[in-house]
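Some notes on the structure that comes next.
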Amino acid sequence: MKHTFEQLLAASDCLYDRDAVEQAIDRMAEKIRKDFDGQFPVFLTLMNGGMFFGARLALQLGIDVEFDYVHATRYHGTTTGSGLAWLRRPGAVIEGRPVLLVDDILDEGHTLKAVRDWCEDQGATKVKIAAMTVKQHDRCVPGLIADYIGLTVPDRYVFGYGMDVNEHARNLPGIYAMKD
Ligand SMILES: O=P(O)(O)OC[C@H]1O[C@H](OP(=O)(O)OP(=O)(O)O)[C@H](O)[C@@H]1O
Ligand SMILES: Nc1nc2[nH]cnc2c(=O)[nH]1
């Protein structure tokens with residue numbers, strides 16, 4: 001399949017335009033600000049998908065945070081998940097700190113679960129999850145829920161606003177779902 005923006009847009013439905021995505025992120029920022037005010041949390045973005053969401057969320061937060069990132073990939077630039085590969089673990093001190101995990105999508109939850117469990121093993125005082133989107137199905141790993149949810153998406157492959165299709169289209173400003 002070719003991956004020009006035009007070809008991808010023709011093969012997909014727009015779920016949320018840029019305004020809708022950013023309004024949802026701004027609503028999340030308000031809740032997170034209240035919960036973390038005065039705590040100087042580690043703001044841990046999951047790369048690559050979380051980068052656009054993380055940037056917008058951080059700029060809207062209005063509280064001081066320490067930035068860091070992890071790079072863990074399960075999809076390896078493809079559209080089906082497999083084993084999780086850690087490409088970078090965080091450099092920030094996690095022990096004794098509150099952590100906010102920031103990711104573009106909670107799908108089956110394996111990625112966020114692995115990172116959350118790792119942070120807990122490092123001695124984080126609390127680990128909260130901010131997911132820009134949550135996919136609607138019943139295949140999520142048990143016990144994993146996002147504390148802050150931006151938007152829900154259907155059980156289809158989605159892309160845009162950080163989310164890729166075979167490493168294309170992350171920088172489309174809206175969120176799209178491939179047609180079935
Ligand atoms: O809930 P899951 O089923 O584990 O899937 C969600 C993960 O999949 C994507 O990452 P991916 O591995 O594609 O890497 P990327 O962030 O570089 O796109 C996305 O950014 C999430 O981290
Ligand atoms: N881009 C993208 N990444 C994912 N990771 C898990 N599910 C998805 C999805 O639907 N789209």
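Remark: spin-label model distance Arg139-Glu6 equals 3.3 nm, labels positioned 7 Å along the Cα→Cβ axis.
If you take the Cα centroid of the range 107-145 and the Cα centroid of the range 62-76, the two points sit 13 Å apart. Over the chain, the reciprocal of the mean inverse Cα-Cα separation, the Kirkwood hydrodynamic radius, stands at 16.4 Å.
By the gyration tensor of its Cα atoms, with a ≥ b ≥ c the square roots of the eigenvalues, what is the shape of the range 107-180: rounded for a/c under 1.5, prolate for a/b over b/c, or oblate? It comes out prolate by the Cα gyration axes. Using the average count of surrounding beta-carbon atoms within 10 Å as a protection proxy, the listed peptides 13-20, 50-57 rank, highest first, as 50-57, 13-20. Protection proxy ranking for 86-96, 170-180, using the average of other Cβ atoms within 10 Å per residue and placing the highest first: 170-180, 86-96. Picking from Ala169, Ala11, Ala131, which is most flexible by a Gaussian network model of the chain using Cα springs under 10 Å? The residue that fluctuates most here is Ala11. Lysine pairs in the range 63-180 whose alpha-carbon atoms fall under 22 angstrom of each other, counting only those eight or more residues apart or on distinct chains, come to 4. Under the simplified labelling scheme, the Leu59-Arg27 pair shows an inter-label distance of 2.1 nm, with each label point 7 Å from Cα along Cα→Cβ.
Proximity of backbone amide H atoms, modeled 1.01 Å from N, is registered between Ile105 and Met132, Thr133 at under 5 Å, excluding neighbours fewer than 5 places apart on the same chain.
No lab work stands behind these numbers, since they all come straight from the coordinates. These figures come from a predicted structure and were not determined experimentally. Here the Cβ is made from the backbone with ideal geometry for all residues, glycine too, and neighbour counts use every protein chain on show.
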